[in-house]
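The values are calculated or read from the model by the stated rules, or taken from the named source; none is laboratory data. None of the values given here were measured: they were computed from a predicted structure. So basically every Cβ, Gly included, is an ideal-geometry build from the backbone, and we count neighbours across all protein chains shown.
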Amino acid sequence: MFGSKSFYMSVWRWHFFAGLYTVPFLIMLATTGLIMLYAPIAERFQHSDLYEVEQVSGQAISYEAQYELVMRAYPNDDISRFYLPADAKEATRFQVQVGDDTRAVFVDPYKGEVLGDLSISDAWISWAEGIHGTFFMGSTGDKLIEIAASLMVLLILTGVFLWWPTKGGSKLKAAITISKKNNRAFWRDLHSVIGIWAAIILLFFCISGLAWASVWGEKLTQAWSTFPMEKNAGSVSSTLTHEDLNIKNLKQIPWGLEKAPLPESTSNGPTSITLDHVVNDAKAMGFTQFQVYFPKNDKGVYTASATTMSADIKNAWDDRTVHFDRYSGAVLADVGFMDYNWFAKSMAAGIALHMGQFGILNLIASTVFCIAIITLCISGVIMWWKRRPNASFTLSPPPMPKDLACWKHAVWILLPISFLFPMGAIAIISVVLLDMIAHLIAPKLRNLWAS
């Protein structure tokens, strides 16, 4: 059955239908992925006057004094985060919520003055991540992308089957070389060669991307992968989770902590500890490059976080999030990479690779991968365009196999795979129903047209 022409045609037909939906999404994801790789680099270069201090001289004022400078400059706005400068030449950054806009505010610690601010909400990386995750369409966009990611798994599996050599080493050699015999053969071979090399990486990105989705991710995998903060901290919030620390459209909290409730301060002192107290305690605990989130309310906590998700560090094994009581400074919870479950660990480790954080070679490899995916999609469209009968503008899918048993067998083989991803199952069942309806009404329409 698996070696028959009818079964091959069945798989090809499924590959076509999966590609029909996913290709626009793949191009969008790869393009926004490229923007997300280079936007932070471009922003630092473009606004070096804000990111870097003009002159390193004298004694820097305390972090608490810098915090008070920002409070005076933005008296009616909420200061939510502090970024520890990477070195003496870097300005101190604070995150401030100004109405609906989240802004990065820069402070020169030597002059003791606010240098200016930049919108985070309107930054290229926020815009790209908003499209990358939801198309700025909320839950509707999230589900559309989840369907695409689910069908990508089907696209990869059927693509590998179509590529798989059937006879001998010469066939294998042909499967990894690009033909120059004619135009369509060139595009077919380019498509298959890029596809087979990118398959494993693309599959990993699909699975990790689905882990953020609202159905397969939030309802299934993220639910059992979330760190049980209630068992670690004495008191936790009933309303606030770690996800509330994220900026809108920009995820910076580790996946395994997003749904975990935030701890609450158990002391009731008259005043909070200072920002310098938190920074010094975090450094004493081994933190090097990190961020500090300010308490959300009277029972809130200071949170020191160093993660690959927020690009503080490059080694996921050093991921660490510590919560401090805002009044006593006591450590309420300390969560590191080894505390994550296996799936959350794989997500944390994969994020750094995904974002090209492991140095210049990783950045180049991620760039090449994004370009390869765009080329893969374009070559698939060109192949379809050249295969159309008589240059017609019809959909022209691969023909339904004459042996319908093989078509049914292909359906039953694909459905168990798709049921691992609920949104993919809905899409596949919809395609089956639409295909059956089209085959039932097409002859009647042709007869009606002829009469």
ask   = Of the numbered conditions (1) out of contact with any helix residue (DSSP H, G or I) (no Cβ under 6 Å at 6 or more places or on another chain); (2) modelled with pLDDT of 75 or more; (3) assigned to a loop (DSSP other than H, G, I, E, B), Gly356 satisfies every one except a single condition; which is it?
value = (1)
key: Those residues of the range 230-261 which are hydrophobic (A, V, I, L, M, F, W, C) and out of contact with any helix residue (DSSP H, G or I) (no Cβ under 6 Å at 6 or more places or on another chain), in sequence order   = Ala233, Leu240, Leu245, Ile247
Among residues of the range 1-44, those that are under 22 Å from His354 (Cα atoms) and not hydroxyl-bearing (Ser, Thr, Tyr), counted = 19
request  = Please state which of the following conditions Phe135 fails to meet, knowing it meets all the rest: (1) more than 25 Å from Arg44 (Cβ to Cβ); (2) modelled with pLDDT under 85; (3) buried (at least 18 other Cβ atoms within 10 Å of the Cβ).
outcome  = (3)
message = For the list (1) in contact with a Phe, Trp or Tyr (Cβ under 7 Å, 6 or more places away or on another chain); (2) of a type in the set (D, E, K, R); (3) in a loop (DSSP other than H, G, I, E, B), I need the number of the one condition that Arg81 fails.
response = (3)
note = Reported set for the range 230-248 where residues are hydroxyl-bearing (Ser, Thr, Tyr) and either free of Cβ contacts under 8 Å to residues at least 40 places away in the same chain or not in a strand (DSSP E or B) (or both) is Ser235, Ser238, Thr239, Thr241
inquiry  = List pairs: first residue in the range 335-347 and crowded, with 19+ Cβ neighbours inside 10 Å and part of a strand (DSSP E or B), second residue at pLDDT 90 or above and among the aliphatic types (A, V, I, L, M) anywhere in the structure, Cβ distance under 8 angstrom, at least six positions apart or on different chains.
reply    = Val335/Met229; Val335/Leu257; Val335/Val322
ask   = Does any residue of the range 186-206 turn out to be out of contact with any Ser or Thr (no Cβ under 6 Å at 6 or more places or on another chain), under 17 Å from Lys251 (Cβ atoms) and in contact (Cβ under 8 Å) with a residue 12 or more places away in the chain?
value = yes
task = Run Ala282 past the list (1) within 21 Å of Met338 (Cβ to Cβ); (2) touching a strand residue (DSSP E or B) at 6+ places or on another chain (Cβ under 9 Å); (3) part of a loop (DSSP other than H, G, I, E, B); (4) not charged (D, E, K, R) and report the number of the one that doesn't hold.
result = (3)
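Residue-wise test of (1) exposed (fewer than 15 other Cβ atoms within 10 Å of the Cβ); (2) at positive phi; (3) in a helix (DSSP H, G or I); (4) within 13 Å of the chain's Cα centre (by Cα).
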position	(1), (2), (3), (4)
Trp187	no, no, yes, no
Ser192	no, no, yes, no
Ile196	no, no, yes, no
Cys206	no, no, yes, yes
Gly209	no, no, yes, yes
Leu220	no, no, yes, no
Phe227	no, no, no, no
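Results for (1) in contact with an Asp or Glu (Cβ under 9 Å, 6 or more places away or on another chain); (2) surrounded by fewer than 18 Cβ atoms within 10 Å (Cβ to Cβ); (3) part of a loop (DSSP other than H, G, I, E, B), shown as yes or no for each residue.
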residue: Arg13; (1), (2), (3): yes, no, no
residue: Phe17; (1), (2), (3): yes, no, no
residue: Thr22; (1), (2), (3): no, no, no
residue: Phe45; (1), (2), (3): no, yes, no
residue: Leu50; (1), (2), (3): yes, no, no
residue: Gly58; (1), (2), (3): no, yes, yes
residue: Glu64; (1), (2), (3): yes, yes, no
residue: Glu68; (1), (2), (3): no, yes, no
residue: Arg72; (1), (2), (3): no, yes, no
Search result, residues across the range 291-324 that are acidic (Asp, Glu) and either modelled with pLDDT of 95 or more or surrounded by fewer than 21 Cβ atoms within 10 Å (Cβ to Cβ) (or both) = Asp298, Asp318
query = Among (1) exposed (fewer than 14 other Cβ atoms within 10 Å of the Cβ); (2) in a helix (DSSP H, G or I); (3) of a type outside the set (S, T, N, Q), which single condition is Ala88 missing?
reply = (2)
note = Note on Asp244: of the conditions (1) at pLDDT 85 or above; (2) buried (at least 19 other Cβ atoms within 10 Å of the Cβ), unmet is (2)
message = Given the options Val107, Val96, name the one that is surrounded by 17 or more Cβ atoms within 10 Å (Cβ to Cβ), hydrophobic (A, V, I, L, M, F, W, C), part of a strand (DSSP E or B) and within 25 Å of the chain's Cα centre (by Cα).
response = Val96
Selection from the range 249-269 of residues that are surrounded by fewer than 23 Cβ atoms within 10 Å (Cβ to Cβ), over 14 Å from the mean Cα position of the chain (by Cα) and touching a residue at least 40 places away in the same chain (Cβ under 8 Å) = Lys259, Thr266, Ser267, Asn268, Gly269
ask   = Is it the case that Ile426 is out of contact with any Ser or Thr (no Cβ under 7 Å at 6 or more places or on another chain), surrounded by fewer than 17 Cβ atoms within 10 Å (Cβ to Cβ), under 30 Å from Ser225 (Cα atoms) and modelled with pLDDT under 65?
value = no
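Hey, any hits in the range 107-114 for a residue that's farther than 23 Å from Leu245 by Cα, free of Cβ contacts under 8 Å to residues at least 60 places away in the same chain and hydroxyl-bearing (Ser, Thr, Tyr)?
Yes; the residues of the range 107-114 include at least one that is farther than 23 Å from Leu245 by Cα, free of Cβ contacts under 8 Å to residues at least 60 places away in the same chain and hydroxyl-bearing (Ser, Thr, Tyr).
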task = Evaluate the range 8-22: report whether one residue or more is at pLDDT 90 or above and more than 30 Å from Arg388 (Cα to Cα).
result = no
message = Suppose the filter is under 29 Å from Ala39 (Cα atoms) and among the small types (Gly, Ala, Ser); does Ala284 pass it?
response = no
query = Any chance the range 378-385 includes a residue that's among the aromatic types (Phe, Trp, Tyr) and in a helix (DSSP H, G or I)?
reply = yes
